[in-house]
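Have a look at the structure below, then the notes.
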Ligand SMILES: [Cu+2]
């Protein structure tokens, strides 16, 4: 077994493909697994046709071996432990040691053979989402194949006909297996290496989990009310930043395997949608956005020129998707004086803390949390608590980031005079909205009263 761990800097160390060539042709390709959740350096193709590799956020790409012109991969479906962010781990199901599984990268026209070994306690299969392939290779349990029983290995084989962005996931006990984290990314690179070449090509999957505070295993019967919204089974501040050089053409590809849509928003730059599930979009048909909604089961590729240095958020715009495990039945307490009630409760529960009177900000608060539980709003930034979680990360654009260097450059150093600052001079009166319909207690509301003859009673 070859493992890959933690090394954003030495690309040479990660090419495990050479190590598998000594394995006999009739055997399974050597099993390659990953430990840890750090973003791995791009997997430079050591054999087969050339391509520009992608970088999987908090993930990795699976090495292959060539066998008589066929690219052979070995995926193992198995229980894994995934760290969502420092301080929280979960028991998930995944592939080759991690959830999500490794990214598979091939070239348009490649003949691909994938060995899938099942080490789960129930049957599984893999559906190659978006691929043109023989129906019998589509991976739908019961419809196109029997389920892969525990302990058995099945083989999928097809030609990667269409370049673009794909996913893989089980089509067996699907709700449970996807709620447990079984999924992976697939990129079919164009045979022309210069076609739509980008300087940085990041990929990740969106997934959702329902893990009660203090527990370790997702509730698999949850349909919509998930409490962890993840980028590649990580949540902020556990999601790595996308580190690029000023002037780079940056591509970000996403696949949505959650149970709802996610409007992803980029700060400081416009992007264009260049790819969908069905392929690449011609330049004249692309449209500019700063927020792009990605529906359930969809894939999208966006591109932009990284013109402006800084630490720019890239996040889902549903605000509860940028929070970590939270209770959902919390009443709004803004404006409610809880002092007297808190005194009474404190007699019974000494640690009780009245919350929410001034909003939900917990920036300055230290609260005891159950074991294995992340704060809802967290992440230490250069100016204090970022108060985010879930589907949030940053694109870090730097003038001096070297080509091919994916290392985190640290926080942006703003040029003097370019940061929002406190005003200490005179305060002119700010214009106010006209005083109609104000709901301040004691002020008579200017509401139209029902007139005689128009009553609905
Ligand atoms: Cu979202």
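The values are calculated or read from the model by the stated rules, or taken from the named source; none is laboratory data. Note that this is a predicted model, so its numbers are computed, not measured. Ideal geometry is used to build each Cβ from the backbone, glycine not excepted, and the neighbour counts take in all protein chains shown.
Quick grid of which residues meet (1) more than 19 Å from residue 80 (Cβ to Cβ); (2) more than 16 Å from the ligand (Cβ to nearest atom); (3) touching a residue at least 60 places away in the same chain (Cβ under 8 Å):
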site: 208; (1), (2), (3): no, no, no
site: 217; (1), (2), (3): no, yes, yes
site: 221; (1), (2), (3): yes, yes, no
site: 231; (1), (2), (3): no, no, yes
site: 238; (1), (2), (3): no, yes, yes
site: 245; (1), (2), (3): yes, yes, yes
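Are any of the residues in segment 269-285 more than 16 Å from the ligand (Cβ to nearest atom) and closer than 16 Å to residue 393 by Cα? Steps first, please.
Pass one, segment 269-285, residues more than 16 Å from the ligand (Cβ to nearest atom): 269-285.
Now restrict to residues that are closer than 16 Å to residue 393 by Cα: 269.
Scanning segment 269-285 turns up at least one residue that is more than 16 Å from the ligand (Cβ to nearest atom) and closer than 16 Å to residue 393 by Cα.
Suppose the filter is within 19 Å of residue 55 (Cα to Cα), without any contact (Cβ under 8 Å) to a residue 60 or more places away in the chain and within 16 Å of the ligand (Cβ to nearest atom); does residue 254 pass it?
Spelling it out, residue 254 is indeed within 19 Å of residue 55 (Cα to Cα), without any contact (Cβ under 8 Å) to a residue 60 or more places away in the chain and within 16 Å of the ligand (Cβ to nearest atom).
Any residue that is in a strand (DSSP E or B), more than 25 Å from residue 36 (Cβ to Cβ) and either modelled with pLDDT of 95 or more or out of contact with any helix residue (DSSP H, G or I) (no Cβ under 7 Å at 6 or more places or on another chain) (or both) - is there at least one of those in segment 168-185?
Our first condition is that a residue be in a strand (DSSP E or B); within segment 168-185, this holds for 168-169, 184-185.
Okay, now just the ones that are also more than 25 Å from residue 36 (Cβ to Cβ), so none.
No: zero hits.
Surrounded by fewer than 19 Cβ atoms within 10 Å (Cβ to Cβ) and more than 16 Å from the ligand (Cβ to nearest atom): does that describe residue 261? Write out each step before concluding.
On the way: surrounded by fewer than 19 Cβ atoms within 10 Å (Cβ to Cβ): yes; more than 16 Å from the ligand (Cβ to nearest atom): no.
In short, no.
Please tell me if residue 307 is assigned to a loop (DSSP other than H, G, I, E, B), within 16 Å of the ligand (Cβ to nearest atom), surrounded by fewer than 16 Cβ atoms within 10 Å (Cβ to Cβ) and modelled with pLDDT of 95 or more.
Working: assigned to a loop (DSSP other than H, G, I, E, B): yes; within 16 Å of the ligand (Cβ to nearest atom): no; surrounded by fewer than 16 Cβ atoms within 10 Å (Cβ to Cβ): yes; modelled with pLDDT of 95 or more: yes.
No; evaluated as a whole, the condition is false for this residue.
With (1) exposed (fewer than 14 other Cβ atoms within 10 Å of the Cβ); (2) at pLDDT below 95; (3) in contact with a strand residue (DSSP E or B) (Cβ under 7 Å, 6 or more places away or on another chain) as the list, and residue 340 as the residue in question, which single condition is left unmet?
(3)
Yes/no matrix, rows are residues, columns are (1) under 21 Å from the mean Cα position of the chain (by Cα); (2) at pLDDT below 95; (3) not in a strand (DSSP E or B):
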| position | (1), (2), (3) |
| --- | --- |
| 187 | yes, no, no |
| 197 | no, no, yes |
| 216 | yes, yes, yes |
| 225 | yes, yes, yes |
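Can you tell which of 419, 440, 447, 395 is in a loop (DSSP other than H, G, I, E, B) and modelled with pLDDT of 95 or more? It would help to see each step written out before you state the result.
Numbers: 440 fails: modelled with pLDDT of 95 or more; 447 fails: modelled with pLDDT of 95 or more; 395 fails: in a loop (DSSP other than H, G, I, E, B).
Going through 419, 440, 447, 395 in turn, just one is in a loop (DSSP other than H, G, I, E, B) and modelled with pLDDT of 95 or more: 419.
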